[in-house]
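Report on the following structure.
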Amino acid sequence: MTVLPFPSKRASAFADVPDEKWNDWRWQLSHRLNTAEEIEKIIHLTDSERKALSTEHLFRVDVTPYFISLIDPDDPDDPIRKQVIPTDCEMVTFTSEMEDSLAEDKHSPVPGLVHRYPDRVLMLVTTQCASYCRYCTRARIVGDPLAQFSRHEFDLQIEYLKKTPQVRDVLLSGGDPLVLAPKILEEILTRLREIPHIEIVRIGTRVPVFMPQRITDDLCDMLQRFHPLWMNIHVNHSNEITKELAQATDKLTRAGIPLGNQTVLMAGVNDNVHIQRKLVQDLVRIRVRPYYLYQCDLVHGAGHFRTPVAKGIEIMEGLRGHTSGYAVPNYMIDAPGGGGKIPVLPNYVLSMSDHKIILRNFEGYIASYEEPTDYTPSMAAKYKGLKRPEPGQEGLTALLDGEKMVIKSEGFDEIHDRHGIQHRLKDEAKWKPLGIGKEKDL
Ligand SMILES: *Cc1c(COP(=O)(O)O)cnc(C)c1O
């Protein structure tokens with residue numbers, strides 16, 4: 001294997017820590033930094049940061065010694081620093097911010113289980129993380145040591161999954177599932193694997209990034225007993241890609257776990273096409289496939305991170321075609337109010353006629369693609385057995401399938417009901433004198 005050029009860093013304040021402690025995830029967890037006094041020993045705090053750190057009711061602060069070591073101590077604009085060190089911008093509210101912007105609570109049949117999509121669920125298994133992201137979408141539940149999910153709630157989650165056979169994919173998140181005690185994580189995976197209709201399990205985690213020491217051989221041995229298991233990590237900037245992270249992703253991929261990455265697009269962190277291109281290229285070097293690039297959610301405390309959507313489209317324009325397809329994520333807006341994830345991308349289709357489509361490529365080259373005139377779709381009847389019922393969620397696919405002709409907004413029928421007489425033209429007696437009224441004329 002090629003030796004990768006990613007650095008390994010340790011802040012000078014930790015120089016005396018013996019390697020076996022530094023490399024032990026339990027040491028990293030128990031030596032997290034959370035006060036101005038502690039953090040000031042590592043980086044030079046700005047007034048805004050010091051003010052935020054002395055504020056009550058701030059979203060929880062905690063940074064592992066490993067992760068804080070990646071910050072340039074003298075650069076107030078360091079992209080890693082902005083992710084984990086609070087500033088007083090967090091106290092600023094903005095219009096349209098919400099506590100639960102994705103309406104996850106509304107979509108939870110039992111506490112901690114979000115069933116938003118037909119065939120998959122999000123299962124929140126802990127409120128704890130290795131470090132806390134300042135832009136956390138789930139700040140409403142994450143970080144509070146008293147708000148843990150109980151065993152009773154876990155039992156309810158498993159019960160719901162057992163009696164809901166359309167769920168074939170369970171996404172473990174939180175909080176961060178990889179900070180759970182190993183035995184508890186193993187129990188969760190065991191209970192999920194006892195449910196025959198659950199085909200895949202995935203874990204969303206930032207532990208490999210905050211605390212790569214946690215990715216031990218023991219953990220990988222345990223995880224691979226539960227295949228097919230997939231994992232998404234969360235890297236926002238190339239500076240997070242270190243020798244330690246590369247070792248962690250190497251172990252995970254050798255354990256057969258396909259790795260994806262989710263990035264949040266953030267002002268001052270990664271809102272630039274060159275930063276994003278380097279990020280995705282560095283990710284594929286450590287065998288992590290960029291999965292989603294998210295528009296920042298409308299969550300309190302994250303207003304200063306938001307960018308216009310145009311910035312995300314500009315970044316996608318600079319990725320697709322310009323670099324390996326494997327390195328190009330999908331840009332997603334998680335719709336406020338629980339609309340779910342919606343992909344947004346530049347326009348590549350310029351126009352169409354009945355048998356021709358006009359396309360442009362990433363360079364601006366414009367081509368016409370001649371479509372077939374003799375196409376017969378494969379027999380729908382043959383695929384009947386593959387069709388899954390999706391109660392109440394047919395939407396656009398039902399229009400395409402021909403099962404429905406229209407989708408109406410709420411109250412449409414009432415607003416447009418002018419009490420007119422239906423099917424007037426069928427009333428032959430009335431219309432015959434005018435010479436119309438045959439069915440085929442209608
Ligand atoms: C993101 C998410 C999923 C998974 O979505 P994919 O697009 O399949 O990755 C599932 N449930 C909820 C509630 C989510 O927010």
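The values are calculated or read from the model by the stated rules, or taken from the named source; none is laboratory data. Bear in mind the structure is a predicted one, so any value in this text is a computation, not a measurement. As a convention, Cβ positions derive from the backbone with ideal geometry for all residues, glycine included, and neighbour counts pool all protein chains shown. For the accessible areas, the whole protein counts, side chains as well, though only heavy atoms, and no ligand, DNA or RNA atoms are used. Shrake-Rupley method; radii C 1.70, N 1.55, O 1.52, S 1.80 Å.
The residues listed here are 211, 316; of these, the one that is of a type in the set (A, V, I, L, M), more than 16 Å from the ligand (Cβ to nearest atom) and in contact with a strand residue (DSSP E or B) (Cβ under 8 Å, 6 or more places away or on another chain) is 316.
Mind listing whichever residues of the stretch 136-155 are buried (at least 18 other Cβ atoms within 10 Å of the Cβ) and either away from the ligand (no atom under 16 Å from the Cβ) or over 19 Å from residue 333 (Cα atoms) (or both)?
140, 141, 142, 143, 149, 154
Among residues of the stretch 338-369 being within 16 Å of the ligand (Cβ to nearest atom) and small (Gly, Ala, Ser), the one that is most open to solvent (accessible area, probe 1.4 Å) is 339.
Scanning the stretch 1-57 for residues that are part of a loop (DSSP other than H, G, I, E, B) and more than 30 Å from residue 281 (Cβ to Cβ) yields a total of 17.
Checking 185, 223, 219 one by one, the residue that is more than 20 Å from the chain's Cα centre (by Cα), among the aliphatic types (A, V, I, L, M) and surrounded by fewer than 21 Cβ atoms within 10 Å (Cβ to Cβ) is 219 and no other.
Looking across the stretch 165-174, the residues that are over 17 Å from residue 219 (Cβ atoms) and buried (at least 19 other Cβ atoms within 10 Å of the Cβ) come down to 167, 170, 171, 173. Scanning the stretch 285-310 for residues that are under 30 Å from residue 247 (Cα atoms) and either open to solvent by 30 Å² or more (accessible area, probe 1.4 Å) or without any contact (Cβ under 8 Å) to a residue 40 or more places away in the chain (or both) yields 285, 287, 289, 290, 291, 292, 293, 294. Only one of the numbered conditions (1) open to solvent by 10 Å² or more (accessible area, probe 1.4 Å); (2) among the charged types (D, E, K, R); (3) within 16 Å of the ligand (Cβ to nearest atom) is not met by residue 250, and that is (3).
Restricting to the stretch 72-119, and then to whatever is under 22 Å from residue 341 (Cβ atoms) and in contact with a Lys or Arg (Cβ under 7 Å, 6 or more places away or on another chain), can you tell me which residue is least open to solvent (accessible area, probe 1.4 Å)? Among them, the one singled out is 83. Residue 189 meets all of the listed conditions (1) part of a helix (DSSP H, G or I); (2) aliphatic (A, V, I, L, M); (3) in contact with a Pro (Cβ under 9 Å, 6 or more places away or on another chain); (4) farther than 23 Å from residue 65 by Cα but one, namely (3).
Per the conditions (1) surrounded by fewer than 21 Cβ atoms within 10 Å (Cβ to Cβ); (2) under 24 Å from residue 127 (Cα atoms), the sole criterion not satisfied by residue 33 is (1).
Filtering 233, 200 for residues that are modelled with pLDDT of 95 or more, surrounded by fewer than 17 Cβ atoms within 10 Å (Cβ to Cβ) and touching a Pro at 6+ places or on another chain (Cβ under 8 Å) leaves a single hit, 200. Residue check: residue 60 meets all listed conditions (1) in a loop (DSSP other than H, G, I, E, B); (2) more than 24 Å from residue 142 (Cα to Cα) but one, namely (2).
Taking the criterion of being within 18 Å of residue 360 (Cβ to Cβ) and either open to solvent by 40 Å² or more (accessible area, probe 1.4 Å) or in contact with a Gly (Cβ under 9 Å, 6 or more places away or on another chain) (or both), the residues of the stretch 311-320 that qualify are 313, 314, 317, 320. Within the stretch 43-77, the residues that satisfy the criterion of being without any contact (Cβ under 8 Å) to a residue 24 or more places away in the chain and closer than 25 Å to residue 297 by Cα are 56, 57.
Evaluate the stretch 11-24: report whether one residue or more is within 30 Å of residue 167 (Cα to Cα) and not β-branched (Val, Ile, Thr). Taking every residue of the stretch 11-24 in turn, none turns out to be within 30 Å of residue 167 (Cα to Cα) and not β-branched (Val, Ile, Thr). The C-beta contact set for the stretch 149-176 (first residue touching a residue at least 60 places away in the same chain (Cβ under 8 Å), second residue within 14 Å of the ligand (Cβ to nearest atom), distance under 8 angstrom, 6+ apart or interchain) comprises 166/118; 166/119. Being under 30 Å from residue 198 (Cβ atoms) and not assigned by TED's automatic domain parsing to the domain that holds residue 386, is that true of even one residue in the stretch 88-96? Within the stretch 88-96, not a single residue is under 30 Å from residue 198 (Cβ atoms) and not assigned by TED's automatic domain parsing to the domain that holds residue 386. Taken together, the residues in the stretch 77-130 that are more than 18 Å from the chain's Cα centre (by Cα), within 16 Å of the ligand (Cβ to nearest atom) and among the small types (Gly, Ala, Ser) amount to 0. Consider residue 325 carefully, then state whether it is surrounded by fewer than 11 Cβ atoms within 10 Å (Cβ to Cβ), closer than 30 Å to residue 255 by Cβ and at pLDDT 95 or above. So residue 325 passes the test.
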